[in-house]
Amino acid sequence: MLPAVHGAKTDEEIVAHTVKELKSRQLKFAMEDPDNPESFPRLFYVWRGNALSSSAKGHEYFLKHYLGTHNNTIAEEVAKPEVKAVVWHDKVQLGKMDLVVDLNFRMDTSALYSDIVLPAATYYEKNDLNSTDMHSFIHPLQAAVPPCWESKSDWAIFKGIAEETSKLAPKYFSGPVKDILVSPLMHDTPAELAQPTVKDWAKGECDLIPGKTAPNIKIVARDYANLHNRFVSLGHNFRNNGLAMHGTHYDVDDAYDEYLKTHPTEKWGGKEYPSLRDDKDACNVILHFAPETNGEMAHRAYVSESVKTGIDHTHLAKDTRAVRTTFEDLTVQPRRTLTTPFWTGITNGKRTYSDYCQNIEELIPWRTLTGRQHLYLDHEAYIAFGEHLPTFKPRAELRVTRDLEKSPKNEGGMVLNYLTPHGKWHIHSTYGDTLRMKTLSRGCYPVWVNDKDADLIGINDNDWIEVFNDHGVVCTRAIVSARIPQGICLLYHAPERTLGVPKSPERGMKRAGVHNSLTRTRLKPLFMIGGYAQFTYAFNYWGPQGVNRDTFVVVRKLNKVVF
Ligand SMILES: Nc1nc2c(c(=O)[nH]1)N[C@H]1C(S)=C(S)[C@@H](COP(=O)(O)OP(=O)(O)OC[C@H]3O[C@@H](n4cnc5c(=O)[nH]c(N)nc54)[C@H](O)[C@@H]3O)O[C@H]1N2
Ligand SMILES: Nc1nc2c(c(=O)[nH]1)N[C@H]1C(S)=C(S)[C@@H](COP(=O)(O)OP(=O)(O)OC[C@H]3O[C@@H](n4cnc5c(=O)[nH]c(N)nc54)[C@H](O)[C@@H]3O)O[C@H]1N2
Ligand SMILES: [Mo]
């Protein structure tokens, strides 16, 4: 939708032109008109996620709108009178995606619906790193045996895609091209003080200033012909800009230069770079430049933190300053992460990781507006919603959620609230489909119902049941248990469509779905505020998320089980 940038040459000129066009409303964001084919996301890469089911609140709507395939939703579109900020289309094109590509070592629900499945090596067939904030160790994955048949490590798959893209590029591009990229106001940047009040430039309430009253606008050069070269090289921006996190910054130029002398390199375009060609090279780069595994980097990060707080914190990295970690070290024994200002625990000596020790013992401010822990959330949106202090909010009523406008409520079924907490027999959708785990729980993904509720609708333990609302349907066995409170039922996150899913009489004998067949994406407006202290976007920390606790379903006995 971007009109030609007449005469603009430098990146600054392109950004200025973009701002001018946005302000005059000649140019609009794709999200202002999501049903316009020009705005469709066409290509969907799924990697290390089960994006079409496990994380897809509103699975059936993904099937309908993204894929344009069979689905079990019968809900009517009711949003029209409410929609003001985006363009409304009465007739929408279903199946927005052109291509869905999935990298996986399991035939999960997303792979089932993908156009291309790229087989990934498993944990004992590839070299990789594994870490989590749930414990303080870095684990290696190691290739004990070569990958099975055509499968490859994830690194090799992405590298292969880069290689093919580079080969094709000269046919489609005469040289590097420029993209205009918008990115959110990010946590740990000055943008944390960008928006003390909520104002909309589009309504003329303020000026459009990228990075302050609007997203950052950057120009990125895409050199597709060199994509593979760039993929296998640790670039000079890394050397020159250093690394930053939690408001601290450290230089890596000397370490980069040293690394270049001692490790495999790549030479192209007249320059030399540390190599990322092999998966072990990539692991070693991470281990060498991260403060969690390189004591010198941790020391530097604390020097930076000390300048900010005016307190000397470098003693936290003193005893570990000489630590360096390589992939080979990890294969001898998993190593613990070092204490760094990127985290809040102190793990020196044999101390157990515990959150916020640094804030308390080192007087490092919490990363909030006041630098303290808050109960009171001083933001106009929180005040407007009455959530600026912890408060009781009654559950949403069925009338409001509109989950059961068309589904039969009175044909032997009972209306219950529906929860989907994380399961004990799986990590999301993984491992739950193994024989051992399935043997522990009835060979399928059961729904838990309270015993008194079950009595009222004639359901015995282990009976087959049909659970539905306007969004979709689930057919499975019931676990009848006094452990579940009356008025709710529960299906643990996250079943797969690939295992033990019968057809649904309620939805015309189409195959029933998964837990997220009964949910839909309901965004909480408060999670969309940004640019203000702790309420500032960071991936996996603060941003819009699907809320699914207030879902209603009908639970009914399933008399005919057809697979
Ligand atoms: N209704 C409902 N929905 C939810 C939740 C809920 O509680 N209720 N929880 C939400 C939360 S908190 C989360 S985190 C998400 C999780 O949602 P997802 O992250 O989408 O779920 P997973 O099922 O863990 O998907 C991981 C996939 O990656 C594959 N995989 C694992 N290791 C590798 C690897 O090394 N290489 C490759 N290529 N693939 C690999 C696995 O086989 C699996 O298919 O779900 C969210 N959705
Ligand atoms: N075995 C296993 N462990 C996991 C995971 C897994 O899939 N399997 N996933 C990991 C991941 S990515 C995550 S995000 C965490 C999630 O772990 P938790 O944050 O513990 O999430 P849940 O189990 O979904 O929900 C916790 C509890 O909230 C209750 N609850 C539901 N609605 C409400 C409400 O309105 N108010 C209150 N007060 N309580 C409510 C539910 O009944 C449930 O008992 O688990 C992690 N650990
Ligand atoms: Mo999660």
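Observations
- In this structure, H428 qualifies as touching a residue at least 24 places away in the same chain (Cβ under 8 Å) and open to solvent by 30 Å² or more (accessible area, probe 1.4 Å).
- N226 being farther than 30 Å from Y123 by Cβ, open to solvent by 70 Å² or more (accessible area, probe 1.4 Å) and part of a helix (DSSP H, G or I): no
- A single member of L369, L375 is hydrophobic (A, V, I, L, M, F, W, C), open to solvent by less than 90 Å² (accessible area, probe 1.4 Å) and more than 16 Å from ligand 2 (Cβ to nearest atom), and it is L369.
- If you go through the range 197-223 and keep only what is in contact with a Leu (Cβ under 9 Å, 6 or more places away or on another chain) and assigned to a loop (DSSP other than H, G, I, E, B), you end up with L208, G211, K212, P215.
- Residue list for the range 136-153, filter: farther than 15 Å from T293 by Cβ and in a loop (DSSP other than H, G, I, E, B): Q142, A143, A144, V145, P146, P147, C148, W149, E150, S151, S153
- In the range 511-551, residue surrounded by the most Cβ atoms within 10 Å (Cβ to Cβ) [restricted to those that are hydrophobic (A, V, I, L, M, F, W, C) and touching a strand residue (DSSP E or B) at 6+ places or on another chain (Cβ under 6 Å)]: L518
- Scan of the range 93-135 for residues that are assigned to a loop (DSSP other than H, G, I, E, B), open to solvent by less than 80 Å² (accessible area, probe 1.4 Å), within 16 Å of ligand 2 (Cβ to nearest atom) and without any contact (Cβ under 8 Å) to a residue 40 or more places away in the chain, ordered by number: T132
- For the range 21-70, taking the residues that are hydrophobic (A, V, I, L, M, F, W, C) and part of a loop (DSSP other than H, G, I, E, B), the one that is nearest to the chain's Cα centre (by Cα) is identified as A51.
- Leading residue by the ranking (nearest to ligand 1 (Cβ to nearest atom)) among those in the range 361-420 that are hydroxyl-bearing (S, T, Y), in a loop (DSSP other than H, G, I, E, B) and out of contact with any helix residue (DSSP H, G or I) (no Cβ under 8 Å at 6 or more places or on another chain): S407
- Residue in the range 230-249 that is over 27 Å from P170 (Cβ atoms), touching a residue at least 40 places away in the same chain (Cβ under 8 Å), open to solvent by less than 30 Å² (accessible area, probe 1.4 Å) and not acidic (D, E) present: yes
- Of all residues in the range 176-196, those being in a loop (DSSP other than H, G, I, E, B) and closer than 26 Å to L27 by Cα number 5.
- Test: residue in the range 473-496 that is away from ligand 2 (no atom under 16 Å from the Cβ) and not in a strand (DSSP E or B): no
The values are calculated or read from the model by the stated rules, or taken from the named source; none is laboratory data. No experiment lies behind these values; they were computed from the predicted model shown. Note that we place each Cβ from the backbone using ideal geometry, even for glycine, and neighbour counts take in every protein chain shown. Heavy atoms of the whole protein, side chains included, go into the accessibility calculation; ligands, DNA and RNA do not. Shrake-Rupley method; radii C 1.70, N 1.55, O 1.52, S 1.80 Å.
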